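The values are calculated or read from the model by the stated rules, or taken from the named source; none is laboratory data. Please read all numbers here as calculations on a predicted model, not as lab measurements. Don't worry about glycine lacking a Cβ; one is built from the backbone with ideal geometry, like all the others, and counts go over all protein chains shown.
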Amino acid sequence: MPKDQEINIVQDATKHPMPPMTVPQSQTPTVTRLGLDDGYADTKLALADGRLLAIPSRARLGQAGVTWMREAEQTIFEYETQGTIYSAGAVDGEPTHFDGYVTSGLNRVIVQHALQSAGLAGQTLHLVSGLPVRAFYRHDGQRRTEAIANKCDNLKLPVRPFPRQGKQRPRPILPASVAFHEVIPEALAAWYDYVILTSQEGVSLDADRVNAPIAIVDIGGRTTDYVVVQDQGVVHGASGSLNRGLLDVKQQIAQGIQDTFGLDSLSEQRVAAAMTHQSIRLHGKAHNISELIQIAQGELVERLYAETRRLLGQGAELDRVLFVGGGSAALAKEIANWFPNQQIIEQPAFANARGMLKYLQYVCEEQPNYGR
């Protein structure tokens, strides 16, 4: 696509103008661009070099309390932000599903840990992240400007990684620093991923997809987002968020295991592993928990189906219903036949992160503020 070709994409039904979609100018080598989907269950990155990375959104207050004999064996890492020390990695994480998570120190540390895991230490970053639809828009379609600004500013606050530990002298680690940060609605990011096509030949906008009425159902950790895009605008009457997601399944399974086996508590990591393997080992014996998982998933699916029908109806007037998010992968069989015109996007857990990167590269105007 020619560099000076302009393609206007309207972000919502109130017709707020957006910058034209253009091929970006030459990029400064010291700046790294990425899409960041900092979800309540997992934090996903999409980088311009094509890499996709996900880590559990898992961290807790306090030091690790572990001395590592070899640096290669280290699985828990320490960070400091605003005078508070956190541990991230293979820890029993603090709950992330609370309203202030996206502006918390816990969020900053988990994001920094993801950036460090991607090898971005010491780099200057330009990134786009998201908010759930109802956290981004008011009921009348106006943006929640204060909430958006607060999230933008949160990741610009410094997070200092502690030196890596081992037998050798501790090795200082440089933080990854955010110079530019823009926030867009999470499910709308998946729409950008769907309509902006990239290949070895370049980037293009699929005109048929842009003009068609499309619904995006984003099943995440804490929330499930719905966005309907028609005539390049968000139809707010058919869009919104349901406060349900895979973390509800996880909590229900944890409670079910505790009740079944008479346990006072159960670590978050053990629950995650039990869900993966559909069994848990207690007192030296393996116990099948597939029935608990099916019950918990069934209850979530029932809630999601009811909300999906309420907002989208039969979907007859929609060209396509796109399912994205980690929940769409985990519940693929359960949601397979909701609409005759539905599609589960390839690698659905990364759809938002990919769309955020495309938005950053081809839609928004980057105005870094290194002083903030």
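Before moving on, here are some points about what is shown:
- Test set (1) outside the structural domain of ALA316 (by TED's automatic domain parsing); (2) assigned to a helix (DSSP H, G or I); (3) under 23 Å from the mean Cα position of the chain (by Cα) - GLY237 fails condition number: (3)
- For the range 67-85, filtering for residues that are at pLDDT 95 or above and assigned to a strand (DSSP E or B) leaves 5.
- Among the residues of the range 231-248, at least one is on the phi < 0 side of the Ramachandran plot, buried (at least 20 other Cβ atoms within 10 Å of the Cβ) and of a type in the set (Ser, Thr, Tyr).
- Of ASP99, ASP140, all but one fail to be under 16 Å from the mean Cα position of the chain (by Cα), modelled with pLDDT under 95, surrounded by fewer than 18 Cβ atoms within 10 Å (Cβ to Cβ) and in a loop (DSSP other than H, G, I, E, B); the exception is ASP99.
- Only one of LEU61, LEU45 that is within 19 Å of the chain's Cα centre (by Cα) and of a type in the set (A, V, I, L, M, F, W, C): LEU45
- Any hit, the range 276-289, residues being in contact with a Ser or Thr (Cβ under 9 Å, 6 or more places away or on another chain), of a type in the set (A, V, I, L, M) and farther than 30 Å from ASN211 by Cβ: yes
- Among (1) in a strand (DSSP E or B); (2) over 11 Å from ALA353 (Cβ atoms) - the single one ALA64 does not satisfy: (1)
- Verdict on GLY355 being surrounded by 20 or more Cβ atoms within 10 Å (Cβ to Cβ), in contact with a Ser or Thr (Cβ under 9 Å, 6 or more places away or on another chain) and part of a helix (DSSP H, G or I): no
- Unmet requirement for ALA254, which otherwise passes all of (1) surrounded by 13 or more Cβ atoms within 10 Å (Cβ to Cβ); (2) out of contact with any Lys or Arg (no Cβ under 9 Å at 6 or more places or on another chain); (3) at pLDDT 90 or above: (2)
- Odd one out for TYR137 among (1) of a type in the set (Ser, Thr, Tyr); (2) more than 29 Å from GLY237 (Cα to Cα); (3) in contact (Cβ under 8 Å) with a residue 60 or more places away in the chain: (2)
- Test for LEU157: is it under 30 Å from ALA72 (Cβ atoms) and either in a helix (DSSP H, G or I) or modelled with pLDDT of 95 or more (or both): no
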